[in-house]
Structures are given as structure tokens and as C-alpha cells.
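Only one structure is covered here, and it is reproduced in the block below.
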Amino acid sequence: MIDSIAPLREFVLAMTERVDATDDERRLFGEGRRHLARLISRDDWLPPAFAAPRAERYAQYLLHSDTRERFSIVSFVWGPGQRTPVHDHTVWGLVGVLRGAERCEEYVLHEGRPVPTGRHHVMRQGDIEAVSPTVGDWHRVSHDWDERAAVSIHLYGANIGAVQRHRLDDAGAVLGFVSGYDSVVVPNLWDRSAAARTRIGTC
Ligand code: FE
């Protein structure tokens with residue numbers, strides 16, 4: 001069996017080293033973007049269970065949380081017609097599209113309230129963008145592809161599923177929310193037996 005999860009393990013290692021070295025958001029954006037670009041440049045490592053759409057709404061699967069919760073990695077999956085509420089993040093984050101395309105509706109804060117700009121942009125496979133209270137934190141994301149699910153990989157500066165955040169309800173009121181995760185297990189990054197067997201085989 002090949003070590004197909006290796007790109008994700010290498011990303012975890014790289015980001016662990018980055019957050020050990022700095023907590024400066026601009027540096028983490030720059031370096032995180034470079035490592036995330038490498039991760040999403042190939043589409044052969046994400047286990048299917050973490051790319052599965054859900055019938056009722058978009059899915060968010062935890063792929064990894066740093067043991068000190070300094071960062072987390074999440075796969076988001078949108079089926080056709082699915083979208084998030086208008087929401088913020090409250091921590092730094094990078095979003096990279098692995099599969100398909102997503103539509104981002106843009107919001108700005110005006111007198112403490114998120115207001116739609118009327119603009120949107122479409123992110124396609126390989127595109128990466130940043131969110132944070134510093135660079136712009138409010139948006140709505142929706143599926144924008146064909147009849148297949150779209151998948152993006154998100155890197156956040158906290159254990160994002162447990163962070164208290166904000167969203168707009170249908171009437172435009174700002175509500176608190178904690179997203180949680182749709183998964184109860186994480187991918188096994190640590191089965192290194194294939195590499196170990198390869199070494200034994202060459203003795
Ligand atoms: Fe978001």
C-alpha cells in the first residue's frame with residue numbers, strides 16, 4: 001500500500017514548524033499559502049470519506065488539529081445548490097480549492113455590521129484566498145460547479161470548529177455560532193508501515 005496521505009502529513013509538519021517559528025499573521029499567510037498551494041496541486045490524497053457531500057447541507061470535516069490548537073485543517077464540501085450562511089471567522093484563515101469551484105459573495109464591515117458589496121468572485125481549482133479580521137472576514141460561500149461536489153481545503157489559526165463566531169440570519173441579524181465538525185474521526189496520518197516494509201524489503 002502506498003503512503004497516499006503523505007501530502008497531508010507533510011503539510012501538517014510544515015505548518016507545525018511555521019507556528020513554532022512565528023505568530024505573525026502576514027508571515028503565516030505567506031508561508032501557509034506556499035504550503036497550501038503545494039497540497040492542493042494534486043488531488044490524490046484526500047480520503048473519500050472526507051470529500052463526501054451531505055444531502056442536507058454543506059459538510060466540514062476536520063482533517064487535523066494542532067495539539068495546542070494553534071491551527072486546524074478542514075475539508076469543506078459543497079453539493080450543488082448548497083451554501084454557507086453569511087459568516088465571519090475571527091481568526092486568520094487560508095482557503096484553497098481542491099476540486100471544482102466556489103462562489104464567494106463579498107461583504108465589508110460598516111459601523112460594525114457586515115454589508116454586502118454586491119460583488120462576488122469565483123474560486124477555481126488551485127485558487128487560494130485569505131480571511132481574517134485584518135484582511136476581511138465576512139463572506140458567503142456557495143457551490144459553483146457542475147452537478148458534482150466542490151471541495152476546498154481550509155487552514156485556520158485555531159481549532160476552528162470550537163471557535164465562537166458570527167453569522168447573519170435570514171432577517172439580517174448577527175447571531176453567534178460555533179460550527180463544530182461533521183466528522184468524528186480524522187484521517188490516519190501515521191500509518192508508516194508501507195515505508196517501513198519497503199526498507200525491510202531492501203535489506
Ligand atoms: Fe468562510
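The values are calculated or read from the model by the stated rules, or taken from the named source; none is laboratory data. This structure is a prediction, so every number in the text was calculated from the model and none was measured. With ideal geometry, Cβ positions are generated from the backbone for all residues, glycine too; neighbour counts draw on all protein chains shown.
Within region 72-92, count every residue that is over 11 Å from the mean Cα position of the chain (by Cα) and hydrophobic (A, V, I, L, M, F, W, C). Selection size over region 72-92: 4. Entry remark, region 138-160: residues being closer than 13 Å to R124 by Cα, among the aromatic types (F, W, Y) and within 14 Å of the ligand (Cβ to nearest atom) number 0 in total.
Being out of contact with any Cys (no Cβ under 6 Å at 6 or more places or on another chain), of a type in the set (V, I, T) and surrounded by fewer than 18 Cβ atoms within 10 Å (Cβ to Cβ) holds for only one residue in V151, V131, V122, and it is V122.
Among the numbered conditions (1) under 19 Å from V151 (Cα atoms); (2) aliphatic (A, V, I, L, M); (3) within 16 Å of the ligand (Cβ to nearest atom); (4) surrounded by fewer than 17 Cβ atoms within 10 Å (Cβ to Cβ), the only one that A55 does not meet is (3).
Rundown of residues vs (1) assigned to a loop (DSSP other than H, G, I, E, B); (2) charged (D, E, K, R); (3) within 20 Å of I128 (Cα to Cα), yes/no style:
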| residue | (1), (2), (3) |
| --- | --- |
| I2 | yes, no, no |
| P7 | no, no, yes |
| A14 | no, no, yes |
| E17 | no, yes, no |
| L36 | no, no, yes |
| W45 | yes, no, yes |
| Q60 | no, no, yes |
| E69 | yes, yes, no |
| H89 | yes, no, yes |
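If a residue has to be small (G, A, S) and surrounded by 17 or more Cβ atoms within 10 Å (Cβ to Cβ) to count, how many in region 155-178 make the cut? Number satisfying all stated conditions: 3. Each residue in region 124-174 was checked for being of a type outside the set (D, E) and assigned to a strand (DSSP E or B), and 23 pass. Among the residues of region 88-116, those that are surrounded by 19 or more Cβ atoms within 10 Å (Cβ to Cβ), within 15 Å of the ligand (Cβ to nearest atom) and either free of Cβ contacts under 8 Å to residues at least 24 places away in the same chain or not aromatic (F, W, Y) (or both) comprise D88, H89, V91, G93, L94, V95, G96, V97, E102, C104, P114. Residues in region 62-75 that are surrounded by fewer than 21 Cβ atoms within 10 Å (Cβ to Cβ) and either of a type outside the set (K, R) or at pLDDT below 95 (or both) were compared, and the one that is farthest from P114 (Cα to Cα) is T67. Residues of region 103-123 that are in a strand (DSSP E or B) and of a type in the set (D, E, K, R): R103, E105, E106, R113, R119.
For E56, are the conditions met, namely being at negative phi, of a type in the set (D, E) and not in a loop (DSSP other than H, G, I, E, B)? Full working, then the answer.
Details: at negative phi: yes; of a type in the set (D, E): yes; not in a loop (DSSP other than H, G, I, E, B): no.
Criteria not met by E56.
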